[in-house]
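**Q** Please find one structure pasted underneath; my questions will follow.
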Amino acid sequence: MPSLQNFDTKDEAFSHNCSYFCGNKPIKHNRFMKKMILAVLVLAGTWSSAWATEKTFNSPDGKLTVVVEDQNGIATYRVSQGTTVMIENSPLGLDTNMGNYTTDLTLASCEVKTVKESYDLRTIKQSHVDYEATEAVCSFEKQGKKVMDVIFRVSNRDVAFRYRILPQRDTKVCVVNEEASGFTLPDGTTTFLCPQSRPMGGFARTSPSYETSYSYDEPVGKNGWGEGYTFPCLFRVGDKGWVLLSETGVDGSYVASRLLNVQGGLYKIGFPQQGEGNGFGSTSAAVSLPCETPWRTITLGTTLANIVETTVPFDLVKPKYEASQPYIYGKGAWSWIIGMDSSCNYDEQKRYIDFAAAMGYQSVLIDAFWDRQIGYDKIAELAAYGKTKGVGLFLWYNSNGSWNDAPQTPIGKMDKSRQRRAEMAWMKKAGIRGIKVDFFGGDKQNMMQLYEDILSDANDFGILCIFHGCTLPRGWERMYPNYVASEAVLASENLHFGQGACDAEARNAATHAFIRNVVGSMDFGGSTLNKFYSADNKRGTHRVTSDVYALATAVLFQSSVQHFALAPNNLTDAPDWAIDFMKNVPTTWDEVKSIDGYPGKYALIARRAGDHWFIVGVNADKQPLKTTLDLSLYGKGADLLLYGDDAQLNGSVKTIKSGKKVTVTIPQNGGLVIVNK
């Protein structure tokens, strides 16, 4: 329970505790009632042992501790890292049309066991995962009847929980109106958060699409632009460590959520906004019983290493179906980021297929308006031509039915099953490898079902899926075998549209490495070697980052398919060492290690593909980053290539030996890459 000593007045204490336990709903009261409730709160604090049942369980290594209570009828939990409380007493519970399970609860039992699992997954940052966690099933009763379980999983770096809602009498279905699920961060915590945009705003009324700028090192207690924050959400708990909040396991049986600030350090799960999807669809979740909700995840660490290396989004979910065929991942080319809509013509796409073949790439992404500017028959010709070169095609589609005004075509092909499956049958016949579906309509349950329907239908026809203008992926790489990546970030298109995005490019890269990209594959579409975002490479917005920075982000940003912002002219106007690197850089990884960094300032990580380690870094800070790196992961005596920048961002590559430390300097907007030959 929050301490009354933290408030200046009794009224403030009363207001806080009512918000804390009642989900911030207004309560009618008078002065007498205030005094009575304050007296109860004080007594509850004094007699907590008589009012609460408490259960404690730990991570396998004993370093994380979770305590669950039924404090005065309110289900709460708290999380400690060692002796430090990282999540203070925070509410649990659900409000459903079957009953309100946020008050008058009793913790009836808590069954604890160890869970172990190993799995392989090519499309995330670690190809093989050995997962071990403590599972605690905490059963809650109301008025003597069991109403729900709260299932906790505690690994050595993550805490997760979800609800199991149980049938009551003859009730087999219910609607979850909201969750009381909260996260109370300690005093002094600062935030690194991405505000949720209001619905039906932005380009062609397509928001929210998880494409706003982060705030850095702000105190707790704010609520973004009034609509909360998009997941994932990063917090720094003073000098004690870091906390990343997110969710996983969301599919068509529930809504996707955001994070709302209630007051001070208390944040809670927020369901979608009513206006999303042009106002169509409920903000609640309709479920059949018994039902298990998505997981709420908390990743903790004294440093950012646990954040960068976590696999919790995938540990907690299962595949929903088998892959219909072995899928091909890898690198690709993409004309739109440089040439925009006018580049979507037959001759230019054939040129990009030739370019992709010259780079040894596996695919070309053909963007919007291909149906009008190229046509179905000519696309089939391009697909056949690409096949002779070992290059497959991804095609862009508009998701739209009735949820925004985006005019780009093809439209009306993905929102209904009959049209979608007919389109996909044509794709399979033509040999299309994948689709990029854009301009979704929010996070309501009907939209989550659309994502799932597109994915499952596409798998029937052997088609990979990328999503843009979309929600955050929530464990989808493991749930849907043909899922590749989502945008859900201010991606490379903004570099074309505004110089401000170019000026902030390094800052954003040093952010995504610790927040957005750690929970799911990110389709950024960057790593350009053009100086300007234009077909002639002479005008438009200009890049302020270095060529080595472009190479570094090809590794820093994780997605099993990457359509880079390279152009055919780069074969002659970019440095040979840069082109050679971009020909050979992997897109699937076996391991990731965090080295150092700070969100928005700089990032240093290492990724392994087979027996090749890539150490990469970017620096957004005005001061050059000088650091000493341990090269022992390469073994002794190996020849390494070091790509670096001088103070003027002129890049070069040199050979160094492994087995010892090396001191490097990364200037602002510069990069670093070290890889064994």
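The values are calculated or read from the model by the stated rules, or taken from the named source; none is laboratory data. Just so it is clear, the model here is predicted, and its values are computed rather than measured. Neighbour counts are summed over all protein chains in view; Cβ atoms, including those assigned to glycine, are modelled from backbone coordinates with ideal geometry.
**Q** Right, Thr297: polar (S, T, N, Q), at pLDDT 95 or above and under 28 Å from Val137 (Cβ atoms) or not? Please lay out each step first, then the result.
**A** Numbers: polar (S, T, N, Q): yes; at pLDDT 95 or above: yes; under 28 Å from Val137 (Cβ atoms): yes.
Against the criterion (polar (S, T, N, Q), at pLDDT 95 or above and under 28 Å from Val137 (Cβ atoms)), Thr297 qualifies.
**Q** Which one is farthest from the chain's Cα centre (by Cα), of the residues in the range 91-104 that are in contact (Cβ under 8 Å) with a residue 40 or more places away in the chain and in a strand (DSSP E or B)? Reasoning before the result, please.
**A** Of the residues in the range 91-104, the ones in contact (Cβ under 8 Å) with a residue 40 or more places away in the chain are 91-99, 101-103.
Filter again for in a strand (DSSP E or B), leaving 91, 94-96, 99, 101.
Details: Pro91: 24, Leu94: 25, Asp95: 27, Thr96: 28, Gly99: 32, Tyr101: 29 Å.
Restricting to residues being in contact (Cβ under 8 Å) with a residue 40 or more places away in the chain and in a strand (DSSP E or B), the top hit is Gly99.
**Q** Within the range 555-572, does at least one residue satisfy the condition of being in a helix (DSSP H, G or I), more than 13 Å from Lys331 (Cβ to Cβ) and under 26 Å from the mean Cα position of the chain (by Cα)?
**A** yes
This table checks each residue for (1) outside any loop (DSSP other than H, G, I, E, B); (2) modelled with pLDDT under 95; (3) under 17 Å from the mean Cα position of the chain (by Cα); (4) not assigned by TED's automatic domain parsing to the domain that holds Trp334.
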| residue | (1), (2), (3), (4) |
| --- | --- |
| Thr471 | no, no, yes, no |
| Arg474 | no, no, yes, no |
| Ala485 | yes, no, yes, no |
| Ala491 | no, no, yes, no |
| His496 | yes, no, no, no |
| Asn508 | yes, no, yes, no |
| Val518 | yes, no, yes, no |
| Phe524 | no, no, yes, no |
| Val548 | yes, no, no, no |
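**Q** If you take the residues in the range 392-450 that are β-branched (Val, Ile, Thr) and buried (at least 22 other Cβ atoms within 10 Å of the Cβ), which one is farthest from Met359 (Cα to Cα)?
**A** In this case the residue turns out to be Val437.
**Q** A further question follows. Which residues, taken from the range 278-316, are over 18 Å from the mean Cα position of the chain (by Cα) and in a loop (DSSP other than H, G, I, E, B)?
**A** Within the range 278-316, Phe280, Gly281, Ser282, Thr283, Ser284, Leu289, Pro290, Thr293, Thr302, Thr303 qualify.
**Q** Here's another thing I want to ask about it. How about the range 162-179: which of its residues are out of contact with any strand residue (DSSP E or B) (no Cβ under 8 Å at 6 or more places or on another chain) and under 22 Å from Val250 (Cβ atoms)?
**A** Once the filter is applied, which keeps residues that are out of contact with any strand residue (DSSP E or B) (no Cβ under 8 Å at 6 or more places or on another chain) and under 22 Å from Val250 (Cβ atoms), the range 162-179 yields nothing.
**Q** I'd like to verify a number: residues in the range 452-484 that are on the phi < 0 side of the Ramachandran plot and either in contact with a strand residue (DSSP E or B) (Cβ under 8 Å, 6 or more places away or on another chain) or surrounded by 24 or more Cβ atoms within 10 Å (Cβ to Cβ) (or both), how many?
**A** The qualifying residues number 21.
**Q** Also: So which residues in the range 152-185 are in a strand (DSSP E or B) and under 12 Å from Val66 (Cα atoms)?
**A** Residues satisfying the conditions are Phe152, Arg153, Val154, Asp158, Val159, Ala160, Phe161.
**Q** If you check every pair at least six apart or on different chains, which have Cβ atoms under 6 Å apart with a residue in the range 629-657 that is outside the structural domain of Thr553 (by TED's automatic domain parsing) and in a helix (DSSP H, G or I) first and a residue that is of a type outside the set (Ser, Thr, Tyr) and surrounded by fewer than 18 Cβ atoms within 10 Å (Cβ to Cβ) second?
**A** Pairs that qualify, where the first residue is outside the structural domain of Thr553 (by TED's automatic domain parsing) and in a helix (DSSP H, G or I) and the partner is of a type outside the set (Ser, Thr, Tyr) and surrounded by fewer than 18 Cβ atoms within 10 Å (Cβ to Cβ), are Tyr634/Asn676.
**Q** Contact list please: Cβ distance under 6 Å, first residue in the range 663-677 and small (Gly, Ala, Ser), second residue modelled with pLDDT of 95 or more and in a strand (DSSP E or B), pairs at least six apart or on different chains.
**A** Listed pairs, sorted by first residue: Gly670/Asn619; Gly670/Asp645; Gly671/Val618.
**Q** Separate question: How many residues does the range 357-373 contain that are touching a helix residue (DSSP H, G or I) at 6+ places or on another chain (Cβ under 7 Å) and surrounded by fewer than 20 Cβ atoms within 10 Å (Cβ to Cβ)?
**A** Residues that pass the stated criteria total 4.
**Q** Only one residue in Pro186, Pro199, Pro167, Pro208 is surrounded by fewer than 22 Cβ atoms within 10 Å (Cβ to Cβ) and either over 21 Å from Gly301 (Cα atoms) or of a type in the set (D, E, K, R) (or both). Which one?
**A** Result of the check over Pro186, Pro199, Pro167, Pro208: Pro167.
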